[in-house]
Amino acid sequence: MTSPSHAPDRGGKSVETQSPELRKDPVTNRWVIFSPARAKRPTDFKSKTPQNPNPKPSSCPFCIGREHECAPEIFRVPDDPNWKLRVIENLYPALSRNLETQSKQRGSGTDRSIVGFGFHDVVIESPLHSIQLSDIDPVGIGDVLIAYKKRIEQIAQHGSINYIQVFKNQGASAGASMSHSHSQIMALPVVPPTVSSRLDGTKYYFEETGKCCLCEAKSNNFVIDESSYFVSVAPFAATYPFEVWIIPKDHSSHFHHLDDVKAVDLGGILKLMLQKIAKQLDDPPYNYMIHTSPLKVTESQLPYTHWFLQIVPQLSGVGGFEIGSGCYINPVFPEDVAKVMREVSLT
């Protein structure tokens, strides 16, 4: 299998002359089929459903001055009426924070069903409806990231919680039910199977090579940009077209170990990637997810667990083959994506 550090350079080849290739991603533990014959040139990718302007509805509960219409607030920054961001409970939570006592009574968690205890919160990223996350400066985005960290640290005090997922759905076709810019935090009493699979994949790579596969993901062919503490890459076996990962340069297992300086640095490169994606792909709906380690990861697992932020533009749907097999077809090679994204000019 071709390794990330020795992948072929496809510069100069047309889509018609590229052959299909299967790659296994050691991070997601998933096979991906790269089939360039199914695509136009990488530079021709555009969103089929670009973001519409963000019109303010007659009554948006996330806007400043309508705080009383929301679910209960957890905290705001700063803690005064002129807030910049708020963390609130989700009005329609997938899990219930009121079931903690029952979840402890149910015991082992080895049953096929357990009490639906957990947390489901919303981070309102701006008081103004017209502002998207990519409009905010790096310090402001850093504040959003630090709010994630603070809330994770609060939730981690609950011994029944095993995994916390931070994610953002931007645009209706990406799953956003509210047009006001926001992200979400879900805390689960179990470790989801995708997370377990990621641990298995990274463990296998570490046992084979003695190295963390995410520390190794920074091959020149795949790098888009870098900051003082982070690097953005088109991953070697990207599941989705124009998928981007932002990875800490230093080995780090838990997102919530992020400090204020690194949060601003991450805010800058996240803003840059969102702007480049918007310009290159006609402002597509997108999702981003912070993939961190389970809260109770063991000391022996730390050398091969490395958190990262994944951005997925919504450019194509998932079909029966992907659902049935768990193997995805990507029509564009990531090294081509990296080249195109490096060349996007924002001036």
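The values are calculated or read from the model by the stated rules, or taken from the named source; none is laboratory data. Keep in mind the model is a prediction, meaning the values are calculated, not measured. Note that we place each Cβ from the backbone using ideal geometry, even for glycine, and neighbour counts take in every protein chain shown. With ligands, DNA and RNA removed, areas are computed over all heavy atoms of the protein, side chains included. Shrake-Rupley method; radii C 1.70, N 1.55, O 1.52, S 1.80 Å.
In this structure, the amide hydrogen of ARG30, modeled 1.01 Å from its nitrogen in the peptide plane, lies closer than 5 angstrom to those of ASP25, counting only residues at least 5 positions away or on a different chain. With 0.36 nm allotted per residue and the present C-alpha distance subtracted, the PHE167-GLU207 stretch has 11.4 nm of extension available.
The phi-based Karplus calculation (6.51 cos²θ - 1.76 cosθ + 1.60; θ = phi - 60°) puts the 3J(HN,Hα) values of the stretch 140-151 at x, 5, x, 4, 4, 4, 5, 5, 4, 4, 4, 5 Hz, whole numbers, x for Gly and Pro.
In what sequence, highest mean first, do 144-152, 27-35, 293-301 appear when ranked by Cβ atoms within 10 angstrom?
144-152, 27-35, 293-301
Atom-type composition of the exposed protein surface of the chain places 52 percent of the accessible area on carbon and sulfur (1.4 angstrom probe). In order along the stretch 249-266, phi translates into HN-Hα couplings of 5, 8, 4, 8, 8, 10, 4, 6, 8, 4, 9, 4, 5, 5, 5, 5, 4, 5 Hz, rounded to whole numbers, per the Karplus curve 6.51 cos²θ - 1.76 cosθ + 1.60 with θ = phi - 60° and x for Gly and Pro. For the stretch 271-347, the solvent-accessible area of protein heavy atoms averages 39 Å² per residue (probe radius 1.4 Å; ligands and nucleic acids excluded). Across the stretch 219-233, rounded Karplus estimates of 3J(HN,Hα) from the backbone phi angles (6.51 cos²θ - 1.76 cosθ + 1.60, θ = phi - 60°) give 5, 4, 4, 10, 6, 9, 7, 8, 10, 4, 10, 9, 10, 9, 9 Hz, Gly and Pro being marked x. Near ASN330, the amide H atoms lying under 5 Å from its own belong to ILE33, PHE34, SER35; only residues 5 or more places off or on other chains count, and H is placed 1.01 Å from N.
Taking the dipole about the Cα centre of the chain, with the C-beta of Lys and Arg at +1 and of Asp and Glu at -1, give me whichever of ALA237, SER345, GLN301 is farthest to the positive side. My answer, from the dipole projection, is ALA237. Please report how far the C-alpha centroid of the stretch 320-347 lies from that of the stretch 149-197, rounded to the nearest whole angstrom. Result: 25 Å between the Cα centres. With K and R counted +1 and D and E -1, the other residues having a Cβ less than 14 Å from that of ASN29 yield a net charge of +1.
Think of a 1.4 Å ball rolled over the protein heavy atoms: the stretch 140-229 then has 42 Å² of accessible area per residue.
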